[in-house]
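> Got a structure for you, questions after.
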Amino acid sequence: MTEIKNKSTSSHVSSPLGRNENSDSHSPLASRNKPTDTEIDALFAVGAHYGYSRSRRHPSYVPLLLGNKNGVDVIDLEQTIARLNTAKDFAAELGKAGKQLLFVGTKPVAALAMKEAAQAVGMPYVTNRWIGGTLTNFPEIKKRVARLVMLRSKREKGELGQYTKKERLMFDREIERLEKNFGGIVSMSDKPAALFVIDFRNEKTAVGEAKEMRVPIIGLGSSDSDIKNIAYPIPANDAVQKSVAFFVQEIAQAYKDGMKAKVN
């Protein structure tokens with residue numbers, strides 16, 4: 001596909017698309033200064049503007065599109081930047097208030113970036129698979145986490161040495177399984193204040209539980225996503241590692257900045 005530059009940025013007019021007539025040009029999210037060429041270029045560099053094919057487009061996403069080129073939806077990056085800034089403001093508020101932001105990204109292109117970003121700011125994360133009830137049945141989940149913490153401690157202290165070789169092997173396998181499913185949420189002592197989700201269409205169980213528990217979501221989603229139930233949607237490419245990593249870093253840094261503001 002030929003790369004398309006956003007028509008609304010004066011120095012990059014190479015697209016024949018024009019602005020989609022359904023674009024939300026009067027959105028309050030666009031109340032900040034117009035994005036600079038540098039900001040637009042940064043998003044183009046990671047391929048953030050590429051959506052999916054028109055046949056996969058979700059109706060709620062139409063106002064966020066610049067148009068369609070060669071059968072592929074092109075995301076309006078001015079709206080991406082406006083909504084990203086709003087999401088970053090919210091993440092910074094969470095950091096400043098010392099509230100937990102649960103990072104959720106189980107897709108291969110997102111898992112490592114989400115894990116590293118969450119660990120860097122001391123937040124819980126789910127990058128293997130979402131265990132049903134993580135939010136809606138948290139008391140039961142806490143029991144599994146407590147079991148993991150207990151077994152970890154006993155193994156580190158050598159207390160499992162009293163068991164037979166076969167029993168120790170069974171404990172090791174249990175720890176491995178618990179680590180895989182719950183290792184990222186050991187620090188989550190209560191319901192998180194918000195979720196940060198990569199590809200909220202893919203993470204529909206997590207999104208459903210968050211909606212039920214009234215937990216707001218910061219979500220990165222491409223043109224196949226239903227944005228109606230996402231409090232802070234970020235419209236951008238969620239299928240390419242460079243694009244995902246860019247937005248993960250932006251949200252994590254905003255949270256970190258909020259934490260610093262709290263200290264100061």
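Here, each number is a calculation from the coordinates, and none is a lab measurement. Just so it is clear, the structure is predicted and the values come from calculations on it, not from any experiment. Every residue, glycine among them, receives a Cβ derived from its backbone with ideal geometry; neighbour counts consider all protein chains shown.
> Under 16 Å Cα to Cα from Lys260, which aspartates and glutamates show up? Leave out anything in the same chain fewer than 8 places away.
Asp89, Glu93, Glu250
> Continuing with the same structure: So what's the back-of-envelope 222 nm ellipticity for the chain, counting only DSSP H runs of four-plus at -39500 (n - 2.57) apiece and dividing by all residues, rounded to 500?
The helix contribution divided over the chain gives -14000 deg cm²/dmol.
> Another question, then. Counting only residues 5 or more places away or on other chains, whose amide H sits under 5 Å from the amide H of Gly219 once H atoms are built in the peptide plane?
For Gly219, the qualifying residues are Val197, Tyr232, Ile234.
> Measuring from centroid to centroid over Cα atoms, what is the spacing of the stretch 107-139 and the stretch 184-252 in Å?
What the calculation gives is 10 Å, centre to centre.
> Report, in listed order, any pair from Lys88/Lys115; Lys99/Lys256; Lys142/Lys228 with a Cα-Cα distance greater than 20 Å.
Lys142/Lys228
> Tell me which aspartates and glutamates have Cα within less than 15 Å of Lys204's Cα, excluding those fewer than 8 residues away on the same chain?
Result set, ordered by chain and number: Glu212, Asp224, Asp226, Asp238.
> Just grab the label-to-label distance for Asp37 and Lys107, each label 7 Å out from Cα along the Cβ direction, in nm (one decimal).
3.1
> Where a Cα-Cα gap under 18 Å defines reach, which aspartates and glutamates qualify for Lys154, not counting those fewer than 8 residues away within the same chain?
Glu167, Asp172, Glu174, Glu176, Glu179
> Tell me, what HN-Hα J-couplings in whole Hz come from the Karplus equation 6.51 cos²θ - 1.76 cosθ + 1.60 at θ = phi - 60° for each residue of the stretch 253-260, using x for Gly and Pro?
Once rounded to whole Hz, the list reads 5, 4, 5, 4, 4, x, 4, 5.
> Then there is this: Just to check I understand the Karplus step: with θ = phi - 60° and J = 6.51 cos²θ - 1.76 cosθ + 1.60, what whole-Hz values come out for the stretch 195-200, glycine and proline as x?
10, 10, 10, 9, 6, 5
> Stick to Cα atoms and the Kirkwood definition of Rh, then tell me Rg/Rh for the chain.
1.05
> With a ≥ b ≥ c the root eigenvalues of the C-alpha gyration tensor of the stretch 141-184, is it rounded (a/c under 1.5), prolate (a/b larger than b/c) or oblate?
The shape class here is prolate.
> Give me the distance in nm between label points sitting 7 Å out from Cα along the Cα-to-Cβ direction at Glu176 and Glu140, one decimal.
Placing both labels 7 Å beyond Cα along the Cβ direction yields 2.6 nm.
> While we're looking at this one, here's another question. Taking the Cβ of Gln253 as the centre, find all other residues whose Cβ is under 13 Å away and add up their charges (Lys, Arg: +1; Asp, Glu: -1).
So the surrounding residues net to -1.
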